[in-house]
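Only the coordinates and a few stated rules stand behind these numbers; no lab work does. Everything quoted here is computed from the prediction, not taken from an experiment. In this analysis, Cβ positions are derived from the backbone assuming ideal geometry, glycine residues included, and neighbour counts consider all displayed protein chains.
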Amino acid sequence: MTFTLPNPLALIAELTHRCPLHCVYCSNPLEMQSRANELPTEVWSRVFKEAAEAGVLQADFTGGEPLARTDIVDLIRAGPRRRPLRHLITSGLPMEEAKLAALVEAGLDHIQLSFQGTREDTANEISGTKSHAHKLRVLEWVKRHRIALTLNFGTIAFASRPLSNGTGKTTGT
Amino acid sequence: MTPDPNSRPRLAPGCRLGENNNQRVLLMPERALRLNGPSLEIVERCDGKHTVGQIVADLQKIYSKAASEKVEQDILGYLALLHDQRALDFDL
C-alpha cells in the first residue's frame, strides 16, 4: 500500500539570527547560529528551488533581520519567477530605497514591517534604537514601489504610552 | 462596497493566481484561497481588462440555467468580499 503526503504550502527561512534592534520584549536568540555558520547563498538557493518544485506557495524570508544578509537580493531571486509568493519580514532598519527597488525587481511581493510603537519616543525606547523615523521613510518607499504591505506591531501593554523610568527597561508588562 | 459595473477589477499587489496539486488557488500574503467553478471563472477575469459588467455577462452565459439576477448578485458579493480581503483593486 502506498500513500502520498500532502505537499508543503509554505517555507519559513530564518536566514540569520543577527538583528539591529534591541527590543525589550524580544526572546529570539541573537546568535543561535553565528554568522559564520549561516547557510551560504548556494545552499539557500537550492532549498528555494526544491521548495518551489515541492509545490510551496509562500516563502517567508525572516530572521533575525533578513536584510543583514548581503546576498538577500540573490536569495529573493532564487527559484522560479513569480512562484512562490515572496515575503520579507523586516525591521526596515537596514533598508534603503535602492535596496527595495532591487528586491522588488528580483521578485519580492510583500513586506512585513515591524513597529515597536506609535510614537517616536516610545518606539525608539522599546526597540533600543533610533529606528522609528527610518521605518516611516521605508513606508513611503513601499508605497512608491506598490508592493503589498503588512504592519507588525508588537502589542505589549506599554507600547501605546511613554515608559515611566526612561531607561528602556521595564519591570513587567 | 458595491463594485461599479464599469470598473475593471485586478488582483492587488502581492496577490496572484497559483496552482498546487492541480488545484488553482488565489495567493495572498499569508493566505491562499482554493478556487473552483464560478470563483475561478471570476478571478481569472480580474485582469484589469474585463469590466465588472463583462464578467457578469460572461458568467450569465456560462451558467445560463441559473437565474441571471442571482448570478449577478453572487458575483458582486464575491468581488466585494475579495476587495474587503485586500485581494482586488478596481480601476475606473
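Residues whose amide H comes within less than 5 Å of that of residue B:17, counting only those at least five positions distant or on another chain, are B:27 (H built at 1.01 Å from N in the peptide plane).
A simple charge model with +1 on the Cβ of Lys and Arg, -1 on the Cβ of Asp and Glu and nothing else charged puts the dipole of chain A at about 380 debye relative to its Cα centre. To test your reading of the geometry: what angle, between 0 and 90 degrees and rounded to tens, separates the Cα axis of helix B:52-62 from the longest principal axis of chain B? Relative to chain B, helix B:52-62 is tipped by roughly 80 degrees.
The amide H of residue B:24, built 1.01 Å from its N in the peptide plane, has B:35 as neighbours under 5 Å, considering only residues 5 or more places off or on other chains. Between residue A:74 and residue B:86, the modelled labels are 3.2 nm apart [label points 7 Å from Cα along Cα→Cβ].
Projecting the Cα positions of B:39, B:53, B:18 onto the charge dipole of chain B (unit charges on Cβ atoms of Lys, Arg, Asp and Glu, taken about the Cα centre) puts B:18 furthest along the positive direction. Positive end of the dipole of region A:10-153 (Cβ unit charges, origin at the Cα centre): among A:116, A:43, A:141, the Cα lying farthest that way belongs to A:141. Relative to the longest principal axis of the Cα atoms of chain B, the long axis of helix B:68-84 lies at roughly 30 degrees. In degrees from 0 to 90, rounded to the nearest 10, what is the angle of the helix A:41-53 Cα long axis to the longest principal axis of chain A? Tilt of helix A:41-53: around 60 degrees.
For region A:13-21, backbone phi angles converted through the Karplus equation (6.51, -1.76, 1.60; θ = phi - 60°) give residue-by-residue couplings of 9, 8, 6, 7, 9, 5, 8, x, 8 Hz, Gly and Pro being listed as x. Kirkwood analysis of chain B, using all unique Cα-Cα pairs, places the hydrodynamic radius at 13.2 Å. Taking the Cα centre of chain B as origin and assigning +1 to Lys and Arg Cβ atoms and -1 to Asp and Glu Cβ atoms, the resulting dipole is close to 200 debye.
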